[in-house]
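The block underneath contains the structure these notes are about, expressed in structure tokens.
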């Protein structure tokens, strides 16, 4: 398993880095769209679509919607705000699972939620790519999430006792959440001091980082909730040793829309 994970990572890493940081404009939108469409194909399985033809049809439908959004950039603010609203609702759904499943269980509800997860994530990345410091901002949100994941792993393994959402993901603890949050805040503080941010800028950045990390945890838990409801361990086996695409990007799908909206609110970009 470890050998598989390493080989897959070595193959995918240059592709991912090249796509994220060297592609521009339509090519970047197409690259991210391909990743999101693969995620849609996996989500269709979580939604209960067993037949391969129906899963492909859902992925194609998502790809068409991405094309429509690309042609109608004025829709970006509404898509992002809808995405943020969804993740706030997801907090309640996750914390009240399995009782909350009565509101979304069944293919129609799950497929609709898939759109609320995937479309805003694509829209947020495409929008950020158009702003000044585009690659730096994309790297920033990734480092925040990776830092939080690493901090959560070590703090949870060392101190974890109180379960965060035992009915959704028994392995996650409140201690892990706090450790991950502190790690991301330490990264943000270090960057702010290095770049000479003012006290106000630093406080805004720390507050924004905390919100982004917390919502990323909801993204992770939300996919876990749907996998548990479907009786699945991984979203697919597309990435040997790593599960599926959604298993790799679940935190980012939640973090990116909020990150983009916060940057806009802080005046770092335009919608």
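Read-outs throughout are calculated quantities, based only on the coordinates presented, and are distinct from any laboratory measurement. Since the model is a prediction, treat every value here as computed from it, not as a measurement. When we count neighbours, we look across all protein chains shown, and the Cβ atoms used for this are built from the backbone with ideal geometry, even at glycine.
Checking residue 144 against (1) in a helix (DSSP H, G or I); (2) without any contact (Cβ under 8 Å) to a residue 12 or more places away in the chain; (3) farther than 25 Å from residue 66 by Cα, which single condition isn't satisfied?
So residue 144 meets the others, but not (2).
State all residues of the stretch 19-33 that are farther than 14 Å from residue 131 by Cβ and in a helix (DSSP H, G or I); if no residue qualifies, say none. So that I can check it myself, show each step before the final result.
First, pick out the residues of the stretch 19-33 that are farther than 14 Å from residue 131 by Cβ: 19-23, 26-27, 29-33.
Correct list: 19, 20, 21, 22, 26, 27, 29, 30, 31, 32, 33.
Look through the stretch 100-129, keep the residues that are free of Cβ contacts under 8 Å to residues at least 60 places away in the same chain and not in a helix (DSSP H, G or I), and return whichever of them is farthest from residue 89 (Cα to Cα).
Here the residue is 106.
So, in the stretch 75-99, exactly how many residues are in contact with a helix residue (DSSP H, G or I) (Cβ under 6 Å, 6 or more places away or on another chain) and part of a helix (DSSP H, G or I)?
Filtering the stretch 75-99 for residues in contact with a helix residue (DSSP H, G or I) (Cβ under 6 Å, 6 or more places away or on another chain) gives 75-76, 79-80, 83-84, 86-87, 90-91, 93-94, 97.
Still in the list and also part of a helix (DSSP H, G or I): 75-76, 79-80, 83-84, 86-87, 90-91, 93-94.
Number of matching residues: 12.
Within the stretch 55-69, is there a residue that is under 22 Å from residue 42 (Cα atoms), assigned to a helix (DSSP H, G or I), in contact with a helix residue (DSSP H, G or I) (Cβ under 6 Å, 6 or more places away or on another chain) and touching a residue at least 60 places away in the same chain (Cβ under 8 Å)?
So far as the stretch 55-69 goes, no, none of its residues is under 22 Å from residue 42 (Cα atoms), assigned to a helix (DSSP H, G or I), in contact with a helix residue (DSSP H, G or I) (Cβ under 6 Å, 6 or more places away or on another chain) and touching a residue at least 60 places away in the same chain (Cβ under 8 Å).
Restricting to the stretch 161-217, name every residue that is part of a helix (DSSP H, G or I), touching a strand residue (DSSP E or B) at 6+ places or on another chain (Cβ under 8 Å) and over 22 Å from residue 86 (Cα atoms).
Once the filter is applied, which keeps residues that are part of a helix (DSSP H, G or I), touching a strand residue (DSSP E or B) at 6+ places or on another chain (Cβ under 8 Å) and over 22 Å from residue 86 (Cα atoms), the stretch 161-217 yields 174, 176.
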